[in-house]
1. Within the chain, how many lysine pairs that are 8 or more places apart, or on different chains, have C-alpha atoms less than 18 Å apart?
2. Please arrange C114, C83 by how many other C-beta atoms lie within 10 Å of their C-beta, fewest to most.
3. Sort S2, S113 so the one with the fewest other Cβ atoms within 10 Å of its own Cβ comes first.
4. Are there cysteines in the chain with no second cysteine's Cβ under 4.7 Å away, and if so, which?
5. If you take the beta carbon distance between K17 and A123 as r and set R0 to 35 Å, what does 1/(1 + (r/R0)^6) give as a FRET efficiency, to the nearest 0.05?
6. What ranking do M129, M85, M105, M31 get, fewest neighbouring Cβ atoms within 10 angstrom at the top?
7. Sum -39500 (n - 2.57) across every DSSP H segment of at least 4 residues in the chain, then divide by the residue count to get the 222 nm mean residue ellipticity, nearest 500.
8. How high is the relative contact order of the chain, in percent, with contacts defined as C-alpha pairs under 8 Å that are six or more residues apart?
Amino acid sequence: MSPRKIVLRFGPEISDKPIIYRLVKDYDLVMNIVKANVNPQKEGIMVLELTGDNYEQGLKYLREQGVTVQALTHEVVRNEQRCTMCGACTAICPTGALYLDRPGMEVRFDGDSCVVCQLCVKACPVRAMEVKL
């Protein structure tokens with residue numbers, strides 16, 4: 001079975017629990033943490049490549065713990081022609097995938113750091129950020 005990419009989102013009430021440890025120990029899942037932004041008492045976001053015979057049971061466990069699980073089947077891209085370099089997306093990006101390149105103040109997008117939260121899509125006034133399936 002090939003690894004499947006998923007996005008996990010969880011709130012402050014469970015950010016300090018050993019959820020990932022339980023996936024490995026109790027469900028014998030093999031994982032590669034692609035990206036993670038986890039802070040105590042704040043929301044956490046993780047992108048994992050996950051594989052194993054108990055994959056579905058592991059996802060069920062995550063959901064029972066209050067973790068939002070989303071398959072990573074989408075990607076966010078920037079339409080260069082539409083972008084006006086206003087920077088609205090950079091203020092809302094939780095991973096820093098969108099940032100201002102100084103001193104030219106140009107908006108840059110690092111797709112490898114994107115966790116597809118889609119906040120930038122909502123924040124962009126000219127709709128330069130798009131979701132591709």
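1. Within the chain, the lysine pair count is 8.
2. Least crowded to most crowded, the residues run C83, C114.
3. Starting with the residue having the fewest Cβ neighbours, the order is S2, S113.
4. C83, C86, C93, C114, C117, C124
5. The formula returns an efficiency of 0.70 here.
6. By the 10 Å Cβ count, ascending, the order reads M105, M85, M31, M129.
7. Here the helix-only value at 222 nm equals -5500 deg cm²/dmol.
8. 25
Read-outs throughout are calculated quantities, based only on the coordinates presented, and are distinct from any laboratory measurement. In this text the structure is predicted, and so the values were computed from the model without any measurement. For neighbour counting, all protein chains shown are included, and Cβ atoms are generated from backbone atoms with ideal geometry for every residue, glycine included.
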